[in-house]
Amino acid sequence: MSYPQQPPQFQPQQPQQYPPQQQAPMGMLQLTIQGSIMTSSMIPPKVQLNGYPVKVKYGRNDIPVFAGPLHIDVHCEWMRDFGKAALDFTVQPNQAVPVFYASPYHQFASTGSIGHTKVKRKGLGFLLGLLGIILAASVLVVLLAALNS
């Protein structure tokens, strides 16, 4: 018994062969947010890589990135944006690039620090001066109260 041949539109087709997909070369951004919840801010800094937001935590963050030019923007938020810092560099394929960010000690007229090696926090002089003024005013109030008694 022979079966009639099916029309061409109903015959099984061979799966189409596609060339293997080429994936863009990758690298690694090793972003270290210096400080902690106790020493900086309860809210971790906001980070953008080439304009796209990336969620980070304090400490080292290993972020896979495409090889090529990379622009990183970092800032902190506490009632307003402060501690802004930016860095431009190029990531080579299979390269891990270390980047360190440190927020300032205060949010008044100070920028953050960013670089490829560990960085120092800015604004310590202003903070110590402000604390000195508060301490001096407190001592003056106590002395005036003691002299008027």
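The values are calculated or read from the model by the stated rules, or taken from the named source; none is laboratory data. Keep in mind that this is a model prediction, so the values were computed, not measured. Virtual Cβ from ideal backbone geometry, glycine too; neighbours counted across all protein chains shown. What goes into the accessible areas is simple: the full protein's heavy atoms, side chains included, and nothing from ligands, DNA or RNA. Shrake-Rupley method; radii C 1.70, N 1.55, O 1.52, S 1.80 Å.
Close Cβ contacts (under 7 Å, 6 or more residues apart or on different chains) running from residues in the range 50-63 that are farther than 15 Å from THR32 by Cβ to residues that are open to solvent by less than 40 Å² (accessible area, probe 1.4 Å) and of a type in the set (S, T, N, Q) are absent. Residues in the range 75-88 that are more than 19 Å from TYR58 (Cα to Cα) and modelled with pLDDT under 95 were compared, and the one that is nearest to the chain's Cα centre (by Cα) is ARG80. Tallying residues that are modelled with pLDDT under 90 and open to solvent by 50 Å² or more (accessible area, probe 1.4 Å) within the range 108-119 yields 3. Taking (1) exposed (fewer than 11 other Cβ atoms within 10 Å of the Cβ); (2) modelled with pLDDT under 90; (3) touching a strand residue (DSSP E or B) at 6+ places or on another chain (Cβ under 8 Å) in turn, MET38 satisfies each apart from (3).
For the range 97-107, the count of residues that are closer than 30 Å to GLN23 by Cβ, surrounded by fewer than 17 Cβ atoms within 10 Å (Cβ to Cβ) and touching an Asp or Glu at 6+ places or on another chain (Cβ under 8 Å) is zero.
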